[in-house]
Amino acid sequence: MRHINMSTVALALAVVGGACGPDVPETDAEVLEIEVASALVGDTYLLKIAVPPGAAGPLPAVFVLDGDNLFDVAAGWEAEQRRAGGPPAVIVGVGYGYEDAYRAPCKAGRWRDLSLVAGTCETGEAPRFVEALITELVPAAEAMAPIDPARRVLAGHSLGGRTTLWTMLQHADDGAFAGYIAADGAAVEVFDALVTAQETATDVPVALYHVFGGLVGLGGLAFFEEFNARLRAADYPGLVLEVAVPPGDDHGDTQTTMFREGMRWMLREGL
């Protein structure tokens, strides 16, 4: 292991512009929107797909969970890095069309799809969503954009970070994604999943950029550190691991760090 420390598709199609905040670079990509009805989940997803200008492909693609909120951040930093000479990538935001994904109704949206255990609002149905992501949503995006199936990346923050790490452990050896970017997702659920996976896994042949904000909280940081320590101890020959704990990052800041730093590392070194 190399360690580096630090399925109904096309219900709608439109060309839209990005709406970035003041601290997010603007994208110059063509942005498509498609709605995909999932038979597995029984819900309709809104995919936003940013295709770099002049891109012939096939290109790496970053699939962004909580796409209603994080698509603009990811697409903006992809464009900024590309303008600075970095490699191009397709950005796919996986969302629902909510104005704010974090205010989705209980037991719907992210509370259903990105939770691994049931709670007040959460339903613990992330495994079913991940199956839908791989078998329904990813093929829908690849039908619309020049995506290289061998260079798919999954990125998630908070609950999305947990689901990203869980997906890595469950699908590391089947080629679903070659890279994973997880921010502030370390928790007991993914640690337990790692312990279970290590009972049988002989390799985790993927690249992982794993970030946790230094201001987020000591409890989560402890799970983060233990999770990474167990990955290192397993010495998986195919795993490429980059770990970052930005000391000044709170929970919101890592939404930028995961794309500004994590995506840059992933596209230049990880894949």
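Annotation: per residue accessible area for the chain equals 39 Å², rounded to a whole number [probe 1.4 Å, protein chains only].
The magnitude of the dipole of the chain, with charges of +1 and -1 set on the Cβ of Lys/Arg and Asp/Glu and taken from the Cα centre, is near 300 debye. For Gly185, nonlocal amide neighbours, meaning residues 5 or more places apart or on other chains whose placed amide H falls under 5 Å from its own, are Ser158.
For the stretch 99-116, 3J(HN,Hα) computed residue by residue from phi via the Karplus equation (6.51, -1.76, 1.60; θ = phi - 60°) reads 5, 9, 4, 6, 10, 5, x, 3, 6, 9, x, 5, 5, 7, 7, 10, 10, 9 Hz, glycine and proline entered as x.
Among the trypsin sites (Lys or Arg not before Pro) found in the stretch 52-160, those both in a DSSP coil and sparsely packed, with 16 or fewer other Cβ atoms within 10 Å of their Cβ, are Lys107.
Which of the three applies to the chain, rounded, prolate or oblate, going by the alpha-carbon gyration tensor with a ≥ b ≥ c and a/c under 1.5 meaning rounded?
On the way: a/c = 1.39, a/b = 1.21, b/c = 1.15.
Rounded is the answer for the chain, as its axis ratio a/c remains below 1.5.
3J(HN,Hα) along the stretch 171-188, derived from phi through the Karplus expression 6.51 cos²θ - 1.76 cosθ + 1.60 where θ = phi - 60°, amounts to 10, 4, 9, 10, x, 4, 9, 8, x, 9, 10, 10, 10, 6, x, 5, 7, 4 Hz, with x in place of Gly and Pro. The separation of the stretch 70-100 from the stretch 138-157, counted between C-alpha centres, amounts to 13 Å.
Phi angles of the stretch 254-271 translate, via the Karplus equation with coefficients 6.51, -1.76, 1.60 and θ = phi - 60°, into HN-Hα couplings of 5, 5, 7, 4, 5, 9, 5, 9, x, 5, 4, 4, 4, 6, 8, 10, x, 6 Hz per residue; Gly and Pro are given as x. Here's the picture: charge each Lys and Arg Cβ at +1 and each Asp and Glu Cβ at -1 in the chain, and of Ala50, Met266, Val130 the one pushed furthest to the positive end of that dipole is Met266. Taking amide H atoms as placed 1.01 Å from N in the peptide plane, the amide H of Phe63 lies under 5 Å from those of Val92, Val153, Leu154, Ala155, each 5 or more residues away in sequence or on another chain.
The values are calculated or read from the model by the stated rules, or taken from the named source; none is laboratory data. None of these values were measured; they are calculated from a predicted model. Heads up, the Cβs are rebuilt from the backbone with ideal geometry, glycines too, and the neighbour counts pull from every protein chain shown. Calculation scope for accessible area: heavy atoms of the full protein, side chains included, ligands and nucleic acids excluded. Shrake-Rupley method; radii C 1.70, N 1.55, O 1.52, S 1.80 Å.
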